[in-house]
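Shown next, in structure tokens, is the structure this report addresses.
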Amino acid sequence: MEIQSERRKSQRYQVRSLILTLSNLDTLSPAQIRMEATFLVHDEQTVIIRGERFRKYLTSETLNSRTLEIGQQISADYEGKKPILIGVLNGAFIFLADLMRSIQIDCEVDFLKLSSYGAQKISSGEVKELKHIDATITGRHVIVVEDIVDTGLSMEFILAKLAVDKPASLKVATLLHKFEATKVDVQLDYVGFRIKNHFVVGYGLDYGQVGRNLADIYILEEQHGEATGVK
């Protein structure tokens, strides 16, 4: 009982602190917001990251449901095989973990890392490989797992790199596809949601490395009214 009481006191203190911070929000400059509250929960529907407000777009329940569907499809497509999932760091790690848990056949995992965004909201278009996979994929069934595909340049780069090792098959699973941003058409075999060319954060997606830990996916508030997610 004493432990529960202390927890309630702590929760009430956190709520009071949050209310006080929010009550002064309009008086803070963007620089102060970034410094004092780089990641600030405003209410149940919005967050402020680096001085910009984002509104909830895809809920954790929606994400989990769709991920389960993709996992079931992969399980059926690769029955009798043992695919290796190649996660693209850093953004895909949460989706990859949930997807792997939803796959009901034997599978393996490895990671590679690229850089094309940095701290910006738009891909630079310049793709650099920061980490290559450790596994040998020759003759293996490979599924590249991404959090988001927009221009297609990064995915084209990845597929070309992996194809050199002559895998038995090479497919792509992405949680999100910004279909309006496409510059290079690449085959996307498993797509969670097709979305417009808007900036999103949460569930592994970041804005300058902030926001990955959000359970839901959020969109810039000024873009929220224009957005539609299509499975």
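Out of all the residues in the stretch 198-231, which are within 30 Å of SER169 (Cα to Cα) and either modelled with pLDDT of 90 or more or in a loop (DSSP other than H, G, I, E, B) (or both)?
Here is the first cut: in the stretch 198-231, the ones within 30 Å of SER169 (Cα to Cα) are 203-205, 229-231.
Within the stretch 198-231, TYR203, GLY204, LEU205, LYS231 meet the criteria.
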Practice task
List every residue pair whose Cβ atoms lie under 6 Å apart, where the two residues are 6 or more positions apart in sequence or sit on different chains, the first residue falls within the stretch 138-151 and is within 21 Å of PHE199 (Cβ to Cβ), and the second residue, located anywhere, is among the aromatic types (Phe, Trp, Tyr).
Solution key: ASP147/PHE95
Practice task
Quick one: GLU222 ticks every box in (1) over 13 Å from the mean Cα position of the chain (by Cα); (2) within 20 Å of ARG66 (Cβ to Cβ); (3) surrounded by fewer than 18 Cβ atoms within 10 Å (Cβ to Cβ) except a single one, so which number is it?
Solution key: (2)
Practice task
State whether one or more residues within the stretch 82-91 are surrounded by fewer than 21 Cβ atoms within 10 Å (Cβ to Cβ) and β-branched (Val, Ile, Thr).
Solution key: yes
Fill in the blank from the handout: Within the stretch 149-200, the count of residues that are touching a helix residue (DSSP H, G or I) at 6+ places or on another chain (Cβ under 6 Å) and hydroxyl-bearing (Ser, Thr, Tyr) comes to 2
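Can you tell me which residue is modelled with the lowest pLDDT among those in the stretch 91-115 that are among the hydrophobic types (A, V, I, L, M, F, W, C) and outside any helix (DSSP H, G or I)?
Here is the first cut: in the stretch 91-115, the residues among the hydrophobic types (A, V, I, L, M, F, W, C) are 92-97, 99-100, 103, 105, 107, 109, 111-112, 114.
Those still in the list that are outside any helix (DSSP H, G or I) too: 92, 103, 105, 107, 109, 111-112, 114.
Values: ALA92: 96, ILE103: 98, ILE105: 98, CYS107: 98, VAL109: 98, PHE111: 97, LEU112: 96, LEU114: 88.
So the residue we want is LEU114.
The values are calculated or read from the model by the stated rules, or taken from the named source; none is laboratory data. No experiment lies behind these values; they were computed from the predicted model shown. Using ideal geometry, Cβ is built from the backbone for each residue, glycine included, and neighbour counts are taken over all protein chains shown.
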